[in-house]
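Enquirer: The structure is given below, and queries will be raised subsequently.
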Amino acid sequence: MKLTSYWLDTSEPFRSGSDRSLAGQCDVAVVGGGLTGSSAALALAKKGANVVLLEADTIGNAASGRNGGMCNNGFAQNYAEMSARIGRGGANTLYKAFDSGVSLVEKIVKEEEIDCSFARYGKLKIAAKPEHYDMLARSQELLAATVDPETRMVSREELRDEVGTDRYYGGLLYPKSAGMHVGRFVRGLATAADRHGAQIHERSPVMGIRRVQNGHEVQTPNGKITARQVLLASGISQVGPLGWIRRRIVPVGAFLIVTEPLSQQDVARLMPTGRMVVDTRNLVVYWRLTPDNRLLFGGRARFAVSNPQSDEKSGRILKAAMVDVFPELANTRIDYCWGGMVDMTRDRLPRAGQRDGIYYSMGYSGHGTQMSTLMGSIMAEVMDGNVELNPWKDFDWPAIPGHFGRPWFLPILGAYFRMKDILR
């Protein structure tokens, strides 16, 4: 079993077509080489900007290359509850933004010829308890009436035609959702940005940013550059002068396992439609097929940080959860096990805007594959003066009380959510 991301292990590393040194001036410095940063660099370069992307490690090495590769429309929260909280119009605007994210990923894949197995298999959100089915049905009724008539309910009796398990009580189907090989996508994004003229510097962590006459001076161990504008696309990075952001984002571990390739008979029995599947528990589990017919199974196995020991322990928990769903996989080999850190906000909604002359977009809270790609492209427009395109422009972002960057409260939070899953 490899303690590494399946997506990163089965995709070619990014190789820059440029060896330009890090010095001088640029129009925009993008901090972070994940999906947001790579998408922004591509959009900016195509607009003719002189853009420099600075990545602390390698392209896609953090959350962008360590997730489930699900490109889902619809947000994580219950639609009915979101509508009650921010109003039907606001909820619909955000819902349509997630739709736009999936469409943008599809558009970029086609235009830039990124070989990442993108396909709209659909997402199935399945009820872990009978009362969860009723909650999903109420949301679907509102969705169909106001913003997404393509959604539909799948009864418990129909569920066997979708997923080969009797563990759940039906679900809500989002047909527009997609899956892809996210390692090939994020590295393909960076390659496309490089091809369009962006300068991409890996292993160049930003250690300091200070305002100067012509913009901002950005410092790295490999040199410094003066940028007219700066975009922080750094997520939960613990490197550099990001204290204001660290008080507003909680880094939460997400863990995944991937099996050996399954037989065609197993695929037909367990995953006949190839959907992206997620359940309704607070300590959520999700699964999907990979392009080479392995089963990827992930979730909040433990509220802990990701490291080799933690990942391996979480892998054992996920294997037991997988067998609970699919008992016939009890003797199936696990080939990959890894973890990544999710940039979670207090309300599990992204944030994007400008502070002290520096732009930012992050906080995707575990649902960022499509939204991060969309927001990279949108922030390129925002920095060009089109502020109204930012769907998060009116959301305030207060600090989380008692949080200063290190998530000391995660074990307490984990115990709380486990209790909620037991009680409701």
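Enquirer: I'd like to know which of HIS196, ALA91, LEU136 lies farthest towards the positive end of the charge dipole of region 6-412, counting +1 on Cβ of Lys and Arg and -1 on Cβ of Asp and Glu.
Expert: Toward the positive end, the furthest listed residue is ALA91.
Enquirer: Using label points projected 7 Å from each Cα along Cα→Cβ, tell me how many nm separate ARG156 and ASP134, to one decimal.
Expert: So the two model labels end up 1.3 nm from each other.
Enquirer: Which value, in Å to one decimal place, does the Kirkwood hydrodynamic radius take for region 148-219 when every pair of different Cα atoms is included?
Expert: Evaluated over region 148-219, this radius sits at 17.5 Å.
Enquirer: Where does helix 35-46 land angle-wise versus the long Cα axis of the chain, in degrees 0 to 90, nearest 10?
Expert: 50
Enquirer: Now for a different question. In whole Hz and in residue order, list the ³J(HN,Hα) couplings for region 191-197 that follow from phi through the Karplus curve 6.51 cos²θ - 1.76 cosθ + 1.60, θ = phi - 60°; x for Gly and Pro.
Expert: Rounded to whole hertz, the list is 5, 5, 4, 4, 5, 8, x.
Enquirer: Provide the convex hull volume over Cα atoms per residue for the chain, in Å³.
Expert: In the chain, the Cα convex hull volume per residue is 133 Å³.
Enquirer: Right, next: Given H placed on each backbone N at 1.01 Å, which residues far from ILE200 in sequence or on other chains put an amide H within less than 5 Å of it?
Expert: LEU53
Enquirer: Can I ask one more? Eigenvalues of the Cα gyration tensor times 5, then square-rooted: what semi-axes does that give for region 325-396, in whole angstrom, largest first?
Expert: Taking √(5λ) for each eigenvalue gives 36, 12, 11 Å, largest first.
Enquirer: Taking Cα atoms, how many degrees apart are the long axis of helix 88-111 and the longest axis of the chain, rounded to 10 and kept between 0 and 90?
Expert: 70
Enquirer: Taking only Cα atoms, what is the 0 to 90° angle, nearest 10, from helix 369-382's long axis to the longest principal axis of the chain?
Expert: Result, in degrees: 30.
Enquirer: Same structure, new question: Rg (Å, one decimal) plus Dmax (Å, integer) for the alpha carbons of region 312-359?
Expert: Computed over the Cα atoms of region 312-359, radius of gyration and Dmax are 18.5, 56 Å.
Enquirer: Which percent, to the nearest 5, of DSSP beta bridges fully inside the chain are antiparallel?
Expert: Antiparallel bridges: around 70 percent, rounded to the nearest 5.
Enquirer: Can you tell me, using C-alpha contacts under 8 Å and at least 6 residues apart, the relative contact order of region 6-412 as a whole percent?
Expert: The value is 24 percent.
Enquirer: Would you grab the residues whose amide H sits under 5 Å from the one on ASN50? Only those 5+ places off in sequence or on another chain, please, with H modelled 1.01 Å from N.
Expert: So ASN50 has HN proximity to ASP27, VAL28.
Enquirer: Quick check: residue separation of ALA399 and ILE317 times 0.36 nm, minus the Cα distance between them. What number comes out in nm?
Expert: That works out to 26.3 nm of additional length.
Enquirer: Whole number please: convex hull volume per residue of the Cα set in region 106-258, in Å³?
Expert: 206
Enquirer: Place +1 on the Cβ of every Lys and Arg and -1 on the Cβ of every Asp and Glu in region 6-412, take the dipole about the Cα centre, and give the residue among LEU242, THR165, GLY366 whose Cα lies farthest towards its positive end.
Expert: The residue sitting most towards the positive pole is LEU242.
Enquirer: Shifting gears a bit: Rg/Rh for region 201-321 to two decimals, with Rh computed the Kirkwood way over all alpha-carbon pairs.
Expert: Ratio of gyration radius to Kirkwood radius: 1.15.
Enquirer: Hey, another quick one. Please list the radius of gyration and Dmax for region 1-112, considering alpha-carbon atoms only, with Å as the unit.
Expert: For region 1-112, the Cα-based Rg and Dmax read 17.6, 52 Å.
Enquirer: Can you pull the three principal axis extents for the Cα set of region 107-151, in Å, largest first?
Expert: Taking the Cα atoms of region 107-151, the three principal extents are 44, 25, 10 Å.
The numbers here are math on the coordinates, done by the rules we state, and not lab data. Fair warning: this is a prediction, and the values are worked out from it, not measured in the lab. FYI the Cβ positions are ideal-geometry reconstructions off the backbone, even for glycines, and counts take in every protein chain you see.
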